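Accompanying notes for the structure given below.
The values are calculated or read from the model by the stated rules, or taken from the named source; none is laboratory data. Given the structure is predicted, the values throughout are model-derived calculations rather than measurements. Reconstructed Cβ throughout: ideal geometry from the backbone, glycine too, with neighbour counts over all protein chains shown. Surface areas here come from the heavy atoms of the whole protein model, side chains and all, with no ligands, DNA or RNA. Shrake-Rupley method; radii C 1.70, N 1.55, O 1.52, S 1.80 Å.
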Amino acid sequence: DVKVTQSSRYLVKRTGEKVFLECVQDMDHENMFWYRQDPGLGLRLIYFSYDVKMKEKGDIPEGYSVSREKKERFSLILESASTNQTSMYLCATGGREPYEQYFGPGTRLTVT
Amino acid sequence: ILNVEQSPQSLHVQEGDSTNFTCSFPSSNFYALHWYRWETAKSPEALFVMTLNGDEKKKGRISATLNTKEGYSYLYIKGSQPEDSATYLCAFGGSGDKLTFGTGTRLAVRP
């Protein structure tokens, strides 16, 4: 079974803090993704990565950056957290065709 | 940004009822259509992936159909059970391996 783990289930941070969300997968998948989920908006892609040190912007990258130093680990970074980044963050990993994605349990981040 | 729409937004049914939801997506540059089930406090779980027009998939009481020419997929649940309560997401895969998700249909099944 694919296992995708995220560093925290719940996180509370203050405005302006630097926040790291970590995701680790054990399936040797090349592709990894970060999404956020907000009520009424569905899952929106923030960033994704095809390989180590490779990253591509998704649909809503503003205010975020990512790091992929090892194949199994993909980190999402909020350089200076803001209240509009309060959300549920989901990491996913993707295999080859037909590109099914496997999700972590999510991190509910609250920025106060 | 691609437009993937799901309807209804939410649904409340009685145990034993059969139900269905719709996902509509762009009919051009189609590669695959995915359905996921997302239960509260759990990870979204893949149900089906369909790639060919006319595909039908089945897993127990849940089945799905695909029409790529008109850009829609239906998910059916026969004899709903309380454990079917979840949000059902569809995701459109165009060329490449990114997915565009719909906003989901939240299903609540009353015992």
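General remarks:
- Taking the protein heavy atoms of chain B in the context of the full set of protein chains, the accessible area attributed to carbon and sulfur is 45 percent at 1.4 Å.
- For chain A, accessible area per residue (1.4 Å probe, heavy atoms of protein chains only), Å²: 50
- Cross-link table A:Lys57/B:Lys58; A:Lys3/A:Lys55; A:Lys55/B:Lys69; A:Lys3/A:Lys57; A:Lys55/B:Lys78; B:Lys42/B:Lys78, entries beyond 30 Å C-alpha to C-alpha: A:Lys57/B:Lys58; A:Lys55/B:Lys69; A:Lys55/B:Lys78
- Once the gyration tensor of the Cα atoms in chain B is diagonalised, the equivalent ellipsoid follows with semi-axes of 24, 14, 12 Å, ordered largest first.
- GNM on chain B, alpha-carbon springs under 10 angstrom: the most fluctuating residue among B:Thr100, B:Thr51, B:Thr40 is B:Thr40.
- The rule of thumb for compact globular proteins, 2.2 N^0.38 Å, goes into the C-alpha radius of gyration of the protein assembly as shown 1.02 times.
- Total formal charge among the other residues, if their Cβ is under 11 angstrom from that of A:Thr83, Lys/Arg +1 and Asp/Glu -1: +2
- Residue-averaged beta-carbon neighbours from other chains (10 angstrom radius) around B:68-74: 0
- Chains A and B, summed buried accessible surface - 1.4 Å probe, Å², nearest 100: 1800
- Residue mean of other protein chain beta carbons inside 10 Å, A:98-108: 6
- Per the Cα gyration tensor, chain A maps to an equivalent ellipsoid with semi-axes of 22, 14, 13 Å, ordered largest to smallest.
- Ordered from largest to smallest accessible area (heavy atoms of protein chains, 1.4 Å probe), the residues B:Glu83, A:Glu17, A:Glu79 come out as B:Glu83, A:Glu79, A:Glu17.
- For B:Leu99, residues with placed amide H under 5 Å, excluding near neighbours: none
- For B:Val13, neighbours were defined as the other residues whose beta-carbon sits under 10 Å from its Cβ, and their charges (Lys and Arg +1, Asp and Glu -1) total -2.
- Around A:Met32: net Lys/Arg minus Asp/Glu count, Cβ-Cβ under 13 Å: -2
- Translational diffusion coefficient (Stokes-Einstein; Kirkwood radius from C-alpha pairs) of the range B:39-98 at 37 °C, 0.692 mPa s, in µm²/s: 252
- Computed over the alpha carbons of the range A:8-63, Rg followed by Dmax gives 13.0, 35 Å.
- Between B:Ala32, B:Ala64, B:Ala41, the residue with the greatest mean-square fluctuation in the GNM of chain B (Cα pairs under 10 Å linked by springs) is B:Ala41.
- Partner chain coverage, peptide B:29-41 - average Cβ within 10 angstrom: 2
- Restriction of the chymotrypsin sites (Phe, Trp or Tyr not before Pro) in the range B:54-111 to DSSP coil positions whose beta-carbon has at most 11 other beta-carbons within 10 angstrom yields no sites.
- Spacing of the modelled spin labels on A:Glu72 and B:Ser10, each 7 Å from Cα toward Cβ, amounts to 4.0 nm.
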